[in-house]
C-alpha cells in the first residue's frame with residue numbers, strides 16, 4: 001500500500017475540508033471535500049509521483065473515492 005505517499009499528495013493537491021490525518025483508508029474523499037477539479041489535480045500529481053498513467057476506464061469517481069481505492073488502482077498500474 002502507498003498510503004503515506006497518497007496522503008501527502010492529497011494534503012497538497014486535494015484541498016479537502018478535513019485534516020488528512022483524520023481520514024481512514026476507506027473514508028469517502030468526496031464527502032471530505034474532493035471535487036471534480038481537485039480530482040484532476042490529484043490524478044496528475046499521483047501520475048507524476050508513481051510514474052503511472054491512469055487508463056480511461058479508471059477515470060471515474062470509484063477510483064478516487066478513498067485512499068484505499070487510489071492505492072489499489074496504483075498497485076494495478078504498477079504491476
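Please treat every number below as a calculation from the coordinates, not as lab data. Note that the structure is a prediction, hence the values are computed from the model and not measured. Methodologically, a virtual Cβ is constructed for each residue, glycine included, from the backbone with ideal geometry; neighbour enumeration extends over all protein chains shown.
Anything in the range 55-79 that is surrounded by fewer than 17 Cβ atoms within 10 Å (Cβ to Cβ) and in a loop (DSSP other than H, G, I, E, B)? List them, or say none.
55, 59, 60, 61, 62, 79
Based on this model, can you work out whether residue 42 counts as assigned to a loop (DSSP other than H, G, I, E, B) and under 10 Å from the mean Cα position of the chain (by Cα)? Quick ask: steps written out before the conclusion?
Working: assigned to a loop (DSSP other than H, G, I, E, B): no; under 10 Å from the mean Cα position of the chain (by Cα): yes.
Considered against the rule, which asks whether it is assigned to a loop (DSSP other than H, G, I, E, B) and under 10 Å from the mean Cα position of the chain (by Cα), residue 42 comes out as no.
Across the range 50-69, what is the total count of residues that are under 17 Å from residue 1 (Cβ atoms) and touching a helix residue (DSSP H, G or I) at 6+ places or on another chain (Cβ under 6 Å)?
First pass over the range 50-69, keeping only residues under 17 Å from residue 1 (Cβ atoms): 50, 52, 63-69.
Filter again for touching a helix residue (DSSP H, G or I) at 6+ places or on another chain (Cβ under 6 Å), leaving 50, 52, 63-64, 67.
Selection size over the range 50-69: 5.
Matching residues to (1) buried (at least 18 other Cβ atoms within 10 Å of the Cβ); (2) free of Cβ contacts under 8 Å to residues at least 40 places away in the same chain; (3) touching a helix residue (DSSP H, G or I) at 6+ places or on another chain (Cβ under 6 Å); (4) more than 15 Å from residue 68 (Cα to Cα):
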residue: 1; (1), (2), (3), (4): no, no, yes, no
residue: 19; (1), (2), (3), (4): no, yes, no, yes
residue: 27; (1), (2), (3), (4): no, no, no, no
residue: 32; (1), (2), (3), (4): no, yes, no, no
residue: 35; (1), (2), (3), (4): no, yes, no, yes
residue: 44; (1), (2), (3), (4): no, yes, no, yes
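Taking the range 3-13 on its own, how many of its residues are touching a helix residue (DSSP H, G or I) at 6+ places or on another chain (Cβ under 9 Å) and farther than 12 Å from residue 66 by Cβ? Before you say what the answer is, go through the steps one by one.
Within the range 3-13, the first condition is being touching a helix residue (DSSP H, G or I) at 6+ places or on another chain (Cβ under 9 Å), and the residues that meet it are 3, 5-13.
Adding the requirement that they be farther than 12 Å from residue 66 by Cβ leaves 5, 8-9, 11-13.
Qualifying residue count for the region: 6.
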